[in-house]
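Asker: Let me begin by handing over the structure; questions about it come next.
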Amino acid sequence: MQSQGTDSSSSRFDPAQRLSPTAFEQNATMKDSSVHEDPSLLKVGVSRDKVTAAFGTPNQISNQGGQEQDVYEFNPDGSKFVKPKTYARNIAAGVFTGGIATVVHQARIHHTEQQLTVYHLTYGPDGTVQSVRKESRGDTHDGKAQD
């Protein structure tokens, strides 16, 4: 399975994008409050263009056996999850605090990820959603979804 994140190298090193108030807020809160979960668009038959227009770039894009798959992750409040980027200041804080800052940061990310609602959308050749698998990580126990 080939997978790519949405952290393009151009935005990663572009100070205007990296240091914008919006990017700073999203990195701190792990939320894009301008995008909200809408189950009416996350269903079979909806075009990929419509999904992308509503939710932006997927949290993850993959291609399995020639079928494109997008993954969208939402926080419990319905906002889109934004995985924080690692900056030099994060590494410096980890070194300065003997690793404590890094451990706390990773624990915070892990805790947030365990509360996400995740949609796996698979697209057909016509660019419409062919299947949807919804995963509510908050309803899991020992990493396995409950029925």
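Asker: What length, rounded to one decimal in nm, is gained on full extension from Q130 through to K50, with 0.36 nm per residue of separation minus their alpha-carbon distance? Before the final figure, lay out the partial values.
Answerer: On the way: separation 80, 0.36 × 80 = 28.80 nm, distance 1.40 nm.
Full extension of this stretch gives 27.4 nm more.
Asker: Moving on. Modelling each spin label as a point 7 Å along the Cα-to-Cβ direction, I'd like the Q64/T29 distance in nm, to one decimal.
Answerer: About 3.2 nm, to one decimal.
Where a number appears in this text, it was derived from the coordinates with a stated rule and is not lab data. None of the values given here were measured: they were computed from a predicted structure. Cβ coordinates were reconstructed from backbone atoms using ideal geometry, including for glycine residues, and neighbour counts include every protein chain displayed.
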